[in-house]
1. Exposure proxy check: B:HIS38, A:HIS218 ranked by fewest other beta carbons within 10 Å?
2. Would you mind giving the mean number of other chain beta-carbons within 10 Å of the Cβ of each residue in B:212-225, as a whole number?
3. I need the per residue convex hull volume for segment A:96-162, using only the alpha carbons, in cubic angstrom as a whole number.
4. Scan around B:LEU67 for amide H atoms under 5 Å from its own, H built in the peptide plane at 1.01 Å from N, and keep only partners 5 or more places away or cross-chain.
5. Using the Karplus curve 6.51 cos²θ - 1.76 cosθ + 1.60 with θ = phi - 60°, work out ³J(HN,Hα) for each residue of segment A:213-223 in order, rounded to whole Hz, and write x for Gly and Pro.
6. Short version: ³J(HN,Hα) in whole Hz for each residue of segment B:84-96, in order, from phi by Karplus 6.51 cos²θ - 1.76 cosθ + 1.60 (θ = phi - 60°), x for Gly and Pro, what are they?
7. Scan around B:VAL155 for amide H atoms under 5 Å from its own, H built in the peptide plane at 1.01 Å from N, and keep only partners 5 or more places away or cross-chain.
8. To the nearest 0.05, how large is the calculated FRET efficiency for A:ALA110 and B:GLN165 if R₀ is 56 Å and r is the Cβ-Cβ distance?
Amino acid sequence: MKPRTTTAGRSRRRTPVEWRVAAAAAAALLLPACSQTAPAAPDSRSIAPGSIVQGQGPGPGQGTAEADSVPEPTATPAAPALVPAAVPVRPATPQAAAAAVPVPTTLTVAGTSINMVVVPVGVAAGAAMELPEAFDQAGWYRFGPAPGAASGTAVIAGHIDTTSDRAPFSQLKTLAAGTAIEVGRREAPTLTYRVVSVELMAKDSFDGDSLFRRAGPHELKVVTCGGRWLDERMDYSDNVIVTAVLD
Amino acid sequence: MRRSIFTAGVGAAAMAAAIALAGPAQAAEGDAQLSVLHGVPGLTVDVWVNGDRTLDDFTPGSLAGPLALPPGAYELAITASDAADASAPAIGPVTVTLAANGNYTAVANLDAAGKPTANLFTNDVSRIPAGKGKLTVRHTAAAPAVDVLAGGAAVVSNLANPSEQSLTLDPGTISAAVAATGTTAPVIGPADVTVSEGTHTIVYAWGSLTDKNLQLAVQTIDGLHSAPGSVPGARDGSSENVASAGSLPAGVSAGQIVAMVGFGALALVLLLGGIGMARTIAELREG
């Protein structure tokens, strides 16, 4: 009895060391992983064009409707009411860009160590959202609405891990409803959002039009990876999406 | 008035505008979108659709619409701005057919030789890749073929009236100039043209080279953006690996606990055994 127990105890004590070594080795091997593989993941790419094709039918109509409303948000609703039969006419000169909404600069989440610098980002290879390399930075999708915009979703995303450890955004999946998220902005007051939901969205069925929505009620979407790590894909199975609304 | 639109023959294509029929922009499912650009210098006109005056005192360089129109055929005509009806049009009447969900711009313009005419362009409203903008250049001026230069380099070459060329490019502001094909001396510009992400920016060269009134008109169709195809929020699975590693110590602890329980049990057995032996010895001694 004694020797058997001792042996079992030793072998179990040794196991984690081996696993840690294996994990470290795996981490070393996987260095370039998600930031390169995810955008190249055939699944996400094949899905994106698919959704585009599906959206093509209603797309033009919506697009044109937005074209009407965006350049002159105040005039358009008023004009038909005042002069029902009037055709909108304007000089065909370049229109002044809509007043820019202040750029987000920081993101902090109450009750966590998330205190990130936020930088504007665009689109990387493979139509993936660009993300900052630095583990303590998050990216704001600058082509979509900004925090504090009148409508649409402001998307801020960051890595869940560094090349060797967890990044602050690994805490996103545990946020409780009502958690305060503060977004600092350049030359504008800080905004406070409250978490309303934390969801997983499978990368296999990534719904970009929903996440990067430009119309409809304003929300903040804080995004990272989550779910299971898929070795064969060198990527996580899901995105963690925190949805928050202005306090 | 030498170039009066009223003396022009009917152009090859169409002139359009409409709204009296459909009422203001209450877009219904499947409606076509029609914009109208006035690109004939020096003339103010009225535009008629199916006999109804829909654009009154329409001035050069103006862009009307977009109007939401049910798909179908429309009769279009252009008259003097003081015409009582459309019975004596300068252009038209012509019939144009607008497809469901189609997006069009009808342009009254000069042809390459300087005669007023009209063209109906179909606007590409397909979705633009995420992070990109689309630029289309249309030659609707009384001028020979041109190149469009951006930053001094030709991005559109040998564009003739009434043709168009499109580019998909990174959003930003372009310093655009128009020069005779094969040359770089601007006949228009340079002028700043902003191409926004998810927006189709359509630039028209209009006017007359001879009359030295060439200029640019700009139309934008936004809302054509695409969403990114993914959010690559992981670097290497470290979080997962750490999580696995994190769960292992728990397993180890359990193992250690088992071991400790084992040792404890062993100690207990030994202790009890010891007691038992002591008792046995004591009994033996007593015995």
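1. Fewest-to-most Cβ neighbours within 10 Å comes out as A:HIS218, B:HIS38.
2. 5
3. Normalising the Cα hull of segment A:96-162 by residue number yields 109 Å³.
4. The answer is B:LEU34, B:SER35.
5. 3J(HN,Hα) across segment A:213-223, in whole Hz: 5, 9, 10, x, x, 6, 9, 9, 10, 9, 10.
6. Rounded to whole hertz, the list is 7, 7, 9, 6, 10, x, 7, 10, x, x, 10, 9, 10.
7. It is B:VAL148, B:LEU149, B:ALA150, by chain and number.
8. Between A:ALA110 and B:GLN165 the formula returns 0.60.
Throughout, read-outs are computed from the coordinates displayed, never taken from laboratory work. Keep in mind the model is a prediction, meaning the values are calculated, not measured. Quick reminder, even Gly has a Cβ in these numbers, built from the backbone with ideal geometry, and neighbours come from all protein chains shown.
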